[in-house]
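Quick note: the coordinates plus some simple rules give every number you see, no bench work behind them. Since we're looking at a predicted model, the values are computed, not measured. Cβ placement follows ideal geometry from the backbone for every residue including glycine, while neighbour counts extend to all protein chains displayed.
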Amino acid sequence: MSLPLAIALYFMMWWILFLVVLPFGVKAQHEEGEVVPGSSESAPVKPNMLKKVVANTLLTSVLFAGLYAFFETGMARDMLPMVDQFIFPKSS
């Protein structure tokens, strides 16, 4: 797997998983009973963004390592015959 492809896959995986992780543990202002004037009732009280970014980075790193191993060990070639055209281009 080339470095640009690996970076692109990691970047896409990170953002997709971030959108999955983002809503976990969020409580809206109306659930807490304290709505700040001028804000939406559904606005989060404490979004804990740093914690979510760190957790998402760890999750993405583990999943990417598994995907990278899947491609580099040759399992992808055995299970997905068309993958050779995209991941392992022929040198000319």
Per-residue counts of other Cβ atoms within 10 Å, averaged by peptide: what ranking do you get for 59-65, 1-7, highest first?
59-65, 1-7
Longest span of the chain, sites excluded, free of GluC sites (Glu not before Pro) in DSSP loop with at most 13 other C-beta atoms within 10 Å?
42-92
Label-zone membership for region 19-38, site K46, 7 angstrom Cα→C-beta point, backbone N under 14 Å
25-29, 32
Among (1) 21, 16, 13; (2) 29, 17, 12; (3) 42, 11, 10, the value of semi-axes √(5λ) of the Cα gyration tensor in Å computed for this structure carries the label (3)
So what's the net charge close to E32: Lys and Arg +1, Asp and Glu -1, counting the other residues with Cβ under 12 Å from its Cβ?
-1
Excluding V21 itself, calculate the net charge of residues whose Cβ lies under 12 Å from the Cβ of V21, where each Lys or Arg counts +1 and each Asp or Glu counts -1.
+2
Before rounding to the nearest 500, sum -39500 (n - 2.57) across all DSSP H runs of length at least 4 in the chain and divide by the residue total; then give [θ] at 222 nm in deg cm²/dmol.
-18500 deg cm²/dmol
On full extension of the chain, what length is gained from F11 through F64, given 0.36 nm per residue of separation minus the C-alpha to C-alpha distance?
18.1 nm
Mind pulling the angle between the C-alpha long axis of helix 3-21 and the longest principal axis of the chain? Nearest 10 degrees, somewhere in 0 to 90.
30 degrees
